[in-house]
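Participant: Take this structure first; my questions come after.
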Amino acid sequence: MALKKVKGNFERMFDKNLTDLVRGIRNNKDNEAKYIAQCMEEIKVELRQDNIGVKANAVAKLTYLQMLGYDISWAIFNIIEVMSSNKFTFKRIGYLAASQSFHADSELLMLTTNMIRKDLNAQNQYEAGLALSGLSCFISHDLARDLANDIMTLMSSTKPYLRMKAVLMMYKVFLRYPEALRPAFPKLKEKLEDPDPGVQSAAVNVVCELARKNPKNYLSLAPVFFKLMTTSTNNWMLIKIIKLFGALTPLEPRLGKKLIEPLTNLIHSTSAMSLLYECINTVIAVLISISSGMPGHAASVQLCVQKLRILIEDSDQNLKYLGLLAMSRILKSHPKSVQAHKDLVLACLDDKDESIRLRALGLLYGMVSKKNLMEIVKKLMVHMERAEGTLYRDELLTRMIEICAQNNYQHVVDFEWYVTVLAELTEMETSAKHGCMIAAQLTEVGARVADVREFAARECSAMCARAAAAPPGPASREVLYAAAYVLAEYCNEESVMRESITPVLVCARAHAGGGGAMRARAVCVHAALKLLAKLLLLYEQRGERNNAITVVHEAMAGFKPLLCSEDMEVQERAHNATAILTLLLRRIDPSNTMPDLAKEQLITDTLVEHDSNGLDNDTEDGIINGEIASSPFSGGLIEELASLFEGELKPVAPKAQKKVPVPDDLDLDQWLSHDRWSSESSSSEDESNALFTAPQPDARPVTHLTADELQMLREARRQEQANNPHYLKDDSPRSYQQDDVPIAEIALEVPLQVQSKRSDKYLVTKESNKKTKKEKRHSKKRKNKTQRHSTESDSEDADEAIVSRRPAVETGGELPEGAAPSDEEPQPASTDPHRALDLDLDIPLREEELLVTRVKQYPAPGGELILEKKKDKKKKSSDKNSTEKPVKKKKKTSKHTKTAELIPELKSETSDNLVVNNISNDVEGAGDVPPNATQVKNKTEKHKSKKDKDSKKKSKKDKHETKTGYEEALGISTPSKEVI
Amino acid sequence: MIKAILVFNNHGKPRLSKFYQYFNEDMQQQIIKETFQLVSKRDDNVCNFLEGGSLIGGSDYKLIYRHYATLYFVFCVDSSESELGILDLIQVFVETLDKCFENVCELDLIFHADAAHQVLDELVMGGMVLQTNMADILCRLHEQNKMQKAEAGLSAAPARAVSAVKSMNLPQQLRDMKLPDLPQAIKDLKF
């Protein structure tokens, strides 16, 4: 035996150890992968050997390889073997490997339960500590459930080292097994006043983590923490406590008032910057929660801001960063006090550190006012030009728009300025994403501010002209989308309209860019038609037929190349427009008697030629007559065309759709087109009252619908859907607007805007019961706005009247465009384990919860007896398992044979029965039965025997106990019947 | 909570990695890579906080790092940790390593990553700060190492001798010399 050992050791000397591996990898820099693959093979060989030392060495190497990114989950069984060694050295290696590579969903974790339990109860505190550290990295629900009691027992260990680790470990247990929280909480609370500062600190740490997610359950601990805060000198713990108070104060304003004084004292006295900073943070939280009306309140704000200023002015970049971070918190509640330090923040914009610049940018949001907005934006524009690095540039642009657009353009006094800024930003050509943002701003400003429309139209006209002249960049391409829309929608000046029709049409064809460009092109076609209609109306009113004809010809020439555009939508729209114009031309230019003007184009324009065959006889007097009589020379056609584009598009509140009430007579469960189907299809009458599943297969094949019929059906459904407000959101605009006047398409593609007519339809119903506070608030805001724009009173009033009829105006425009506002606060992710920990900790434990606490089985002093009893039982069950083994062996798959082979090894290796028991348990569990089945069976058997005993004593409670017995059988816990 | 602790060198080679939340190996490497890219392009005289790691955490998480000579020590933490506190913690970690290895350098971490892990385990447990007092940590480590030494005892002597020979500054060929025949010969011996 001794010789064998010597031999094993001797062999080991020449195995590659971790150092050799590392050295080898360093020496094989060129073919590292190959070298490691070779090492892996060696490791696999080593793992197959009996000597635990060899295995440990192999596992140590695996741990290193894991860090380099190699998957070692295949070795999980070997790692468990090494963990189960008796030697601390090997245990350390095993647990390190486990903590690095295991996770809660690892396959063979249930193998470890008893082994870890044994380690937790080990005599040596470091073995237990090792197990705790390792377990903290890979604890699963099952492990947490099974080991909760052992860990709780360790919480009252005599060794502070173990108490400390056990307390921290409990947090992990709670996360995986929330049922443990309530039974364990009293003990945790007790640890807050542990004599050892380390344990105390750990308990504070755990409660802080718990309270961060569910603060209200921990309010009752405030007095304990308050005491700790005023007595402790441990900065680490103080920081945690102060952070905790920061989370608690919003729930209990009284607490905040009490805190201010000690915190202020700390701020004055402490020399530790970290503590100072956290104190300031919590004071800020307090100030936010108690808002105002407290004496000395202003002084506290002042103190905080002053201290923060010192931090920001410090040469240490870290303090500067944190100072700005805290400033942004004050900003929310006390913008005035922060605004005083505008100079500081602006100076930070020039800092060389990007983190600091970004922080300063975030602060700017709350620091702008009507007075300084222009100035700040100007500064940012300068930065924008200088900034290298897209991230910062992107952030700058986003912030700039955010600053201006916040609170419904609260701070923007001069919208002409703002439009210019937008135009300038476009010229900087950032990215398509920002193009979208600018585009959204353009449309929004256009829709909301009537005054600036003329100006915006002019700007947009210039933009279109620029885009037509040179191929636009990615941002301009996106902005063009909005520019064309704004131009066509709001332009009323003849000269601008006249000049921009051609460039807009050029834009529609000029650039063959990607998808973004395509989007804008269709809009351009449409915008051109819109402009033309407006212009023609103007000419008609003045009776300038010649001009009208000229402009129509020009436009048609512009549309011509688009007729064969490769973009479907552009092509379709161009065809539509050309058809309309042809019709129009026939009406207003009924002859060829304008050779000088029309002839030239007739040659090129086939469509015009084709149409001109119609009426030949009209003379120039017709035109003269028209001019003299000043009667519409198009016979009302132009008017009709223009009327297609009439009506103002209004901003719609983001929640408007949701607030639309369901009409009383609307039955949502009713099949919408049932009648139609049954009446239009030739199905028989008796089917009409059958379920729709039945008639459908019959009806469908019978009806051979012609294209027209299909069209009719489709139309009918569209009608139905159009009348039903509940279809509005889900339906893509195209599905029922395709054949409609194209205007609706643009309107719907631009967020926040909807054709006013349709929205009026169902908003009228809301009008009567719409007298809420929100509206008042809104109208106030609008009033402010009217004051700023003195001239827009009339249109604004009308606007307001319409807007106020909408049920959900309060947010109309308060959110930045494109922000996809949602009115539900984001639900915490369903995977967040903290949700399950939202338990009321103050109500006393119920009995069924007490069952969970297996702690009763392990009472600190007299627990040995029961423990031993349990062990005996375990042994018995293990014996039973081993007898069952041969039977089960037949079922084993190849994987399980491996485990079976390893069992004898382990027996020789470790004298511990528990491990063997456990593994054989698994061998069983790995068969057909679910993993827990045997355990559960054991438990139920145990209960049964217990129950027998109990039932002899008290037969009354039989029923109740049967019930609990079943619950336990589900594997929830081992009950302590002794308690009952 | 601390979500991850990463140590890598100026070239992004990982020297120590500890994740307190599970990521598979590929993801871990990606995180290390991304973190390295974020951290390495920053000057030494800018602040030690960094937001914007996309793979790990999210908006609540921050990278707090320190750069020592050739190594970056990066902690990824959420908002429940004090920023300056974590900076101190990194300092404690490095000082403890320094005490354990006597003038720690990158090579120590390369060859004794396991020892570094042991130090870390006394400092942080499951993502929560366990102990910040360096004397205590050193004491715990010392006691555990003593246990390990006691276990090794005499039987470890030959292994130690071999590793001492290997560690000697011999030419590489000699050091890499394989001795497969020798153990085989011994094995073949009939005891």
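The values are calculated or read from the model by the stated rules, or taken from the named source; none is laboratory data. Quick caveat, the model's predicted, so the values are computed rather than measured. Note: ideal-geometry Cβ built from the backbone for every residue, glycine included; neighbour counts use all protein chains shown. Keep in mind that these areas ignore ligands, DNA and RNA; they rest on the heavy atoms of the full protein, side chains included. Shrake-Rupley method; radii C 1.70, N 1.55, O 1.52, S 1.80 Å.
Participant: Report yes if A:Ser333 is surrounded by fewer than 21 Cβ atoms within 10 Å (Cβ to Cβ), small (Gly, Ala, Ser), modelled with pLDDT under 85 and within 29 Å of the chain's Cα centre (by Cα), otherwise no. Give the derivation first.
Facilitator: Values: surrounded by fewer than 21 Cβ atoms within 10 Å (Cβ to Cβ): yes; small (Gly, Ala, Ser): yes; modelled with pLDDT under 85: yes; within 29 Å of the chain's Cα centre (by Cα): yes.
Against the criterion (surrounded by fewer than 21 Cβ atoms within 10 Å (Cβ to Cβ), small (Gly, Ala, Ser), modelled with pLDDT under 85 and within 29 Å of the chain's Cα centre (by Cα)), A:Ser333 qualifies.
Participant: Right, here's the next one. Residues being open to solvent by less than 10 Å² (accessible area, probe 1.4 Å) and more than 9 Å from chain A (Cβ to nearest Cβ): count how many of those fall in segment B:128-140.
Facilitator: Within segment B:128-140, residues that are open to solvent by less than 10 Å² (accessible area, probe 1.4 Å) and more than 9 Å from chain A (Cβ to nearest Cβ) number 1.
Participant: State the number of residues belonging to segment A:449-500 that are open to solvent by less than 10 Å² (accessible area, probe 1.4 Å) and not small (Gly, Ala, Ser).
Facilitator: Looking only at that region, the number is 11.
Participant: Does A:Lys370 satisfy being open to solvent by 30 Å² or more (accessible area, probe 1.4 Å), within 14 Å of chain B (Cβ to nearest Cβ) and over 25 Å from the mean Cα position of the chain (by Cα)? I'd like the intermediate steps shown before the answer.
Facilitator: Working: open to solvent by 30 Å² or more (accessible area, probe 1.4 Å): yes; within 14 Å of chain B (Cβ to nearest Cβ): no; over 25 Å from the mean Cα position of the chain (by Cα): yes.
No, not satisfied.
Participant: Let me ask another. Looking at segment A:73-82, is at least one residue within 10 Å of chain B (Cβ to nearest Cβ) and closer than 11 Å to A:Gly134 by Cβ? Walk me through how you get there before you give the answer.
Facilitator: The first filter runs over segment A:73-82 and keeps only residues within 10 Å of chain B (Cβ to nearest Cβ), leaving A:73.
Okay, now just the ones that are also closer than 11 Å to A:Gly134 by Cβ, so none.
No.
Quick grid of which residues meet (1) closer than 18 Å to B:Ser17 by Cβ; (2) more than 7 Å from every other protein chain (Cβ to nearest Cβ):
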site: B:Ser79; (1), (2): no, yes
site: B:Val94; (1), (2): yes, yes
site: B:Asp98; (1), (2): no, yes
site: B:Val104; (1), (2): yes, yes
site: B:His112; (1), (2): yes, yes
site: B:Leu120; (1), (2): yes, yes
site: B:Gly126; (1), (2): yes, no
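Participant: Of the residues A:Lys61, A:Lys44, which is within 11 Å of chain B (Cβ to nearest Cβ), among the charged types (D, E, K, R), farther than 25 Å from A:Arg117 by Cα and part of a helix (DSSP H, G or I)? Walk me through it before giving the result.
Facilitator: Values: A:Lys44 fails: within 11 Å of chain B (Cβ to nearest Cβ).
Sole residue among the options that is within 11 Å of chain B (Cβ to nearest Cβ), among the charged types (D, E, K, R), farther than 25 Å from A:Arg117 by Cα and part of a helix (DSSP H, G or I): A:Lys61.
Participant: Next question. Scan segment A:220-269 for residues that are touching a Ser or Thr at 6+ places or on another chain (Cβ under 8 Å) and without any contact (Cβ under 8 Å) to a residue 24 or more places away in the chain and jot them down.
Facilitator: Residue satisfying the conditions is A:Leu263 alone.
Participant: Quickly run through segment B:141-156 and pick out the residues that are more than 17 Å from the chain's Cα centre (by Cα), more than 7 Å from every other protein chain (Cβ to nearest Cβ) and crowded, with 17+ Cβ neighbours inside 10 Å.
Facilitator: Passing the criteria: only B:Ala156.
Participant: Okay, moving on. Hey, can you tell me all the residues within segment A:346-361 that are open to solvent by 20 Å² or more (accessible area, probe 1.4 Å), of a type outside the set (A, V, I, L, M, F, W, C) and outside any loop (DSSP other than H, G, I, E, B)?
Facilitator: If the condition is that a residue be open to solvent by 20 Å² or more (accessible area, probe 1.4 Å), of a type outside the set (A, V, I, L, M, F, W, C) and outside any loop (DSSP other than H, G, I, E, B), then A:Glu354, A:Arg357, A:Arg359 are the ones that fit.
Participant: Looking at A:Ala131, A:Ala104, can you tell me which residue is in contact with a helix residue (DSSP H, G or I) (Cβ under 9 Å, 6 or more places away or on another chain), closer than 24 Å to B:Val129 by Cβ and not in a helix (DSSP H, G or I)?
Facilitator: Working: A:Ala131 fails: not in a helix (DSSP H, G or I).
On inspection, the qualifying residue turns out to be A:Ala104.
Participant: B:Leu50: farther than 24 Å from A:Leu210 by Cα, modelled with pLDDT under 90 and open to solvent by less than 30 Å² (accessible area, probe 1.4 Å), yes or no?
Facilitator: Values: farther than 24 Å from A:Leu210 by Cα: yes; modelled with pLDDT under 90: yes; open to solvent by less than 30 Å² (accessible area, probe 1.4 Å): yes.
Criteria met by B:Leu50.
Participant: For A:Asp343, state whether it is open to solvent by 30 Å² or more (accessible area, probe 1.4 Å), within 20 Å of A:His383 (Cα to Cα), in a helix (DSSP H, G or I) and of a type outside the set (Gly, Ala, Ser). Full working, then the answer.
Facilitator: On the way: open to solvent by 30 Å² or more (accessible area, probe 1.4 Å): yes; within 20 Å of A:His383 (Cα to Cα): yes; in a helix (DSSP H, G or I): yes; of a type outside the set (Gly, Ala, Ser): yes.
Yes: the conditions hold for A:Asp343.
Participant: Return the only residue of A:Pro186, A:Pro195 being part of a helix (DSSP H, G or I) and either away from chain B (no Cβ under 14 Å) or farther than 16 Å from A:Trp236 by Cβ (or both).
Facilitator: Only one candidate qualifies: A:Pro186.
Participant: Could you check segment A:424-440 and list, in sequence order, the residues that are assigned to a helix (DSSP H, G or I) and closer than 16 Å to A:Ala520 by Cβ? Step through it out loud before you land on a result.
Facilitator: Step one: filter segment A:424-440 for residues assigned to a helix (DSSP H, G or I), giving A:424-427, A:432-440.
Answer for segment A:424-440, where residues must be assigned to a helix (DSSP H, G or I) and closer than 16 Å to A:Ala520 by Cβ: A:Thr426, A:Ala432, A:Lys433, A:His434, A:Gly435, A:Cys436, A:Met437, A:Ile438, A:Ala439, A:Ala440.
Participant: Do we have B:Leu84 as within 14 Å of chain A (Cβ to nearest Cβ), within 23 Å of B:Lys3 (Cα to Cα), free of Cβ contacts under 8 Å to residues at least 12 places away in the same chain and open to solvent by 10 Å² or more (accessible area, probe 1.4 Å) here? Step through it out loud before you land on a result.
Facilitator: Numbers: within 14 Å of chain A (Cβ to nearest Cβ): yes; within 23 Å of B:Lys3 (Cα to Cα): yes; free of Cβ contacts under 8 Å to residues at least 12 places away in the same chain: yes; open to solvent by 10 Å² or more (accessible area, probe 1.4 Å): yes.
Yes; evaluated as a whole, the condition is true for this residue.
Participant: Checking A:Tyr126 against (1) more than 8 Å from chain B (Cβ to nearest Cβ); (2) touching a helix residue (DSSP H, G or I) at 6+ places or on another chain (Cβ under 9 Å), which single condition isn't satisfied?
Facilitator: Looking at each condition in turn, A:Tyr126 falls short on (1).
Participant: Sticking with this structure for a sec: Going by the conditions given, is A:Ala211 of a type in the set (A, V, I, L, M, F, W, C), within 10 Å of another protein chain (Cβ to nearest Cβ), over 23 Å from A:Met327 (Cβ atoms) and open to solvent by less than 20 Å² (accessible area, probe 1.4 Å)?
Facilitator: Yes.
Participant: Could you tell me whether A:Met115 is away from every other protein chain (no Cβ under 12 Å) and in contact with a Pro (Cβ under 8 Å, 6 or more places away or on another chain)?
Facilitator: Values: away from every other protein chain (no Cβ under 12 Å): yes; in contact with a Pro (Cβ under 8 Å, 6 or more places away or on another chain): no.
In short, no.
Participant: From the list A:His141, A:His103, exactly one residue is at negative phi, open to solvent by 20 Å² or more (accessible area, probe 1.4 Å) and more than 10 Å from chain B (Cβ to nearest Cβ). Which is it? Outline the logic, then answer.
Facilitator: Working: A:His103 fails: more than 10 Å from chain B (Cβ to nearest Cβ).
From the options A:His141, A:His103, the qualifying one is A:His141.
Participant: Could you tell me whether segment A:386-399 includes any residue that is within 24 Å of A:Val301 (Cβ to Cβ), within 14 Å of another protein chain (Cβ to nearest Cβ) and assigned to a helix (DSSP H, G or I)? Let's see the steps before the verdict.
Facilitator: Applying the first criterion (within 24 Å of A:Val301 (Cβ to Cβ)) to segment A:386-399 yields none.
No, the conditions are met nowhere in segment A:386-399.
Participant: If you go through segment A:150-183 one residue at a time, how many are within 19 Å of A:Tyr126 (Cα to Cα) and either assigned to a helix (DSSP H, G or I) or away from chain B (no Cβ under 14 Å) (or both)?
Facilitator: Pass one, segment A:150-183, residues within 19 Å of A:Tyr126 (Cα to Cα): A:150-170.
Cutting the leftovers down to either assigned to a helix (DSSP H, G or I) or away from chain B (no Cβ under 14 Å) (or both) gives us A:150-158, A:160-170.
Qualifying residue count, segment A:150-183: 20.
Participant: Of A:Ser315, A:Ser300, A:Ser328, which residue is assigned to a helix (DSSP H, G or I) and within 14 Å of another protein chain (Cβ to nearest Cβ)? Step through it out loud before you land on a result.
Facilitator: On the way: A:Ser315 fails: assigned to a helix (DSSP H, G or I); A:Ser300 fails: within 14 Å of another protein chain (Cβ to nearest Cβ).
Just one listed residue meets the conditions, A:Ser328.
Participant: Among the numbered conditions (1) over 20 Å from A:His268 (Cα atoms); (2) surrounded by 21 or more Cβ atoms within 10 Å (Cβ to Cβ), tell me where A:Met327 comes up short.
Facilitator: (1)
Participant: If a residue counts only when it is more than 10 Å from every other protein chain (Cβ to nearest Cβ) and of a type in the set (A, V, I, L, M), which strands (runs of 3 or more DSSP E) contained entirely in segment B:1-77 have at least 3 such residues? Working first, answer last.
Facilitator: Details: elements: B:2-9, B:14-19, B:62-68, B:71-77.
Result: B:2-9, B:71-77.
Participant: Here are the criteria: (1) modelled with pLDDT of 80 or more; (2) open to solvent by 10 Å² or more (accessible area, probe 1.4 Å). Tell me which single one A:Glu385 does not satisfy.
Facilitator: (1)
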